[in-house]
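I have placed the structure first, in the form of structure tokens, so that the comments after it can refer back to it.
The values are calculated or read from the model by the stated rules, or taken from the named source; none is laboratory data. Everything quoted here is computed from the prediction, not taken from an experiment. Note: ideal-geometry Cβ built from the backbone for every residue, glycine included; neighbour counts use all protein chains shown. The protein model used for the area step is the full one, side chains on, heavy atoms only, and it has no ligands, DNA or RNA in it. Shrake-Rupley method; radii C 1.70, N 1.55, O 1.52, S 1.80 Å.
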Amino acid sequence: MHTYVIAELGVNHNGKIELAKELIDSAVYAGADAVKFQLFSTEQLVSDDAPLASYQTENVEKVISQKQLLNDLLLTESQFLELHDYSVRHGVDFLCTPFDVDSLKFLVEDLKLNKIKVASPDITNSQLLFNLGRYNVDVILSTGMCLLADIEFALGVLATGFITPKVYPTEKNIVDNLRNIASQKLLKEKVTLLHCNSDYPTKPADVNLNAIKKLSEVFGLKVGYSDHTKIIEVAMGAVALGARVIEKHLTINNSLPGPDHKASIEPKVFKEMVTKIRIMEEILGEFSKLPTSSEMKNKTLLRRSVVARKYIAKGELFTEKNLMATRPGTGVSAKYFYDYIGEVASENYKEGQAISGLSGLIK
């Protein structure tokens, strides 16, 4: 089992490509499997007078409009091409979250990405979701601020794009398309749901990791966790509960200006998180109950055999008073102890001597 760890770089580059490359270097150092950025057009994302979200207000020194804030965090498409190539050269997957259809088109058609991350706020963005399905790419879908019905809607829109790319998703056909056997198969193959809390940073009391198990139970899809806490222990718990993807914000320095730096962790801490995730994977093992090779050497030494508690004469009956079970387990297994009770000894036994097997009894 390998947990796919995504270093969410988002807009922590502050609109500077050199800082973006430094973040990629940090993700590689920390052992992340992938880096992820965000691509958007402010004209298609927010209106001129859209206020800042509460976490943005808390994390940004100057009170400005959301549009102005985002304009300061833009990178060009040519810079994204450069960052994509830089990531590939450094051996880490390049992912991105598009916030509009034009950005999605660029990521799939120009960058040739076959896996797209969808942010929680866009779980009701039917246009973006439908076009994702049309492109037939793998989808990682965050579920912050969601009811189960919201997730079901999003999956229905994706399914419509997967199986009927020329038929728009409507209230009438979304449910039918979601229940379609072909679309259910595609959803299982192509979609990963991320449990998420959309507060930055998330308080531990608001994490609700048991939702990971609920998502898996209800939808039967691959499940992960998008972590906005300031600690790394939550990611460990998520992996223990079955998360196969962990996404966490990475920053060079928590004190940098910008909306997400305070809800991110620095490279050394990120590296510690990845190390502990890999340890957790080893601890969890497989979905089976079998002796490990390391413990097999102890099996015979620590298990018990049926032996004479005292001298037993030939022809004497075996009883609980003249038999006992002691280590090592080189003779008849102690699990057959009661099969001997009431049987007749076929030979003399000294105290502590292993009892011979009965006819027809497995040793």
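Annotations for the structure displayed:
- Residue pairs meeting the criteria (Cβ under 9 Å; at least 6 apart or on separate chains; first more than 10 Å from Ile24 (Cβ to Cβ) and without any contact (Cβ under 8 Å) to a residue 12 or more places away in the chain, in segment 68-96; second open to solvent by less than 80 Å² (accessible area, probe 1.4 Å) and polar (S, T, N, Q)): Gln68/Thr42
- Residue within segment 220-235 that is farther than 26 Å from Tyr135 by Cα and surrounded by fewer than 17 Cβ atoms within 10 Å (Cβ to Cβ) present: yes
- A single member of Leu250, Leu256 is under 17 Å from Val11 (Cβ atoms) and in contact with a Phe, Trp or Tyr (Cβ under 6 Å, 6 or more places away or on another chain), and it is Leu250.
- Residue in segment 107-150 that is farthest from Thr192 (Cα to Cα), counting only those that are among the small types (Gly, Ala, Ser) and either in contact (Cβ under 8 Å) with a residue 40 or more places away in the chain or open to solvent by less than 50 Å² (accessible area, probe 1.4 Å) (or both): Ser126
- Residue under evaluation Glu217, criteria (1) open to solvent by less than 30 Å² (accessible area, probe 1.4 Å); (2) within 23 Å of Met1 (Cβ to Cβ); (3) among the charged types (D, E, K, R), criterion not met: (1)
- The criterion of at least 2 residues that are farther than 25 Å from Leu19 by Cβ is met by the following strands (runs of 3 or more DSSP E) wholly inside segment 228-326: 305-308, 323-326.
- In segment 251-279, residue farthest from Phe37 (Cα to Cα) [restricted to those that are among the acidic types (Asp, Glu) and open to solvent by 20 Å² or more (accessible area, probe 1.4 Å)]: Glu272
- Listed conditions (1) modelled with pLDDT of 95 or more; (2) touching a strand residue (DSSP E or B) at 6+ places or on another chain (Cβ under 7 Å); (3) closer than 30 Å to Leu194 by Cβ are all met by Ala263, apart from (1).
- Taking the criterion of being assigned to a loop (DSSP other than H, G, I, E, B) and of a type in the set (Lys, Arg), the only residue of segment 133-174 that qualifies is Lys166.
- Out of Ala243, Ala308, sole residue that is touching a Ser or Thr at 6+ places or on another chain (Cβ under 8 Å) and open to solvent by less than 10 Å² (accessible area, probe 1.4 Å): Ala243
- Residue within segment 354-363 that is open to solvent by 100 Å² or more (accessible area, probe 1.4 Å), more than 51 Å from the chain's Cα centre (by Cα) and among the small types (Gly, Ala, Ser) present: yes
- Scope segment 178-194; condition open to solvent by 20 Å² or more (accessible area, probe 1.4 Å) and touching a helix residue (DSSP H, G or I) at 6+ places or on another chain (Cβ under 8 Å); matching residues: Leu178, Asn180, Ala182, Gln184, Leu186, Lys190
- Every pair of residues 6+ apart whose Cβ atoms lie under 8 Å, when the first sits in segment 174-193 and is closer than 15 Å to Tyr135 by Cβ and of a type in the set (A, V, I, L, M) while the second is assigned to a strand (DSSP E or B) and open to solvent by 40 Å² or more (accessible area, probe 1.4 Å): Val191/Asp138; Val191/Lys222
- Filtered residues of segment 200-227 (kept if assigned to a loop (DSSP other than H, G, I, E, B), within 21 Å of Gly10 (Cα to Cα) and out of contact with any helix residue (DSSP H, G or I) (no Cβ under 6 Å at 6 or more places or on another chain)): Thr202, Lys203
- Looking only at segment 327-348, residues that are in a helix (DSSP H, G or I) and in contact (Cβ under 8 Å) with a residue 12 or more places away in the chain come to 5 in all.
- Yes/no for Leu23 being open to solvent by 10 Å² or more (accessible area, probe 1.4 Å), modelled with pLDDT of 80 or more and touching a His at 6+ places or on another chain (Cβ under 9 Å): no
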